[in-house]
Amino acid sequence: MTADTSFSVLTGNNIETRRVRAGGVIFREGEHADELFVIKSGYVRIKIGNRIMADLTADGIFGEMALIDDEPRSATAVAITDVELVPVSVKQFLFLERHTPYFALKVMRVLAQRLRVTNKSLD
């Protein structure tokens, strides 16, 4: 059974978005973080150095780790195609976590899935 990790509920029509052109850097490894992102449209690549960690698409999230542990970004995010992103600030994240527990569970599922993929790549 695949865990429900879609965040499309956060990408409605009247939500503030940020557009990034193909090839644009969304954030860099080591930068301070004050938001995570939900992909409304397009594809995003997550890289550590020259190693590709993941290619993500619509309704996925990225950048959540730095919000959770208050550490610098652990990877670089680059737009593979033109992308439309929904930024979620720390304040919004805490509100969602507090008032919609299912949101927090979905974020944990994303983290668990990514950890499993990383663990398998170490075999």
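If eta is 0.890 mPa s and T is 25 °C, what Stokes-Einstein diffusion coefficient results for the stretch 59-123, Kirkwood Rh from Cα pairs, in µm²/s?
It comes out at roughly 182 µm²/s.
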Where Rh is the Kirkwood radius over Cα pairs, Rg/Rh for the chain: 0.94
Helix-only CD estimate at 222 nm, as mean residue ellipticity for the chain, using -39500 (n - 2.57) per DSSP H run (n ≥ 4): -9500 deg cm²/dmol
Among Pro101, Pro87, Pro72, residue whose mean-square fluctuation peaks in a GNM of the chain (springs only between Cα atoms under 10 Å): Pro101
Overall form of the stretch 24-77 per C-alpha gyration tensor (a/c, 1.5; a/b vs b/c): oblate
Among Gly24, Gly63, Gly49: highest mean-square fluctuation, GNM of the chain, C-alpha pairs under 10 Å: Gly49
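Coordinate-derived values only; no laboratory data. What you see is a predicted model; the values in this text were computed from it and never measured.
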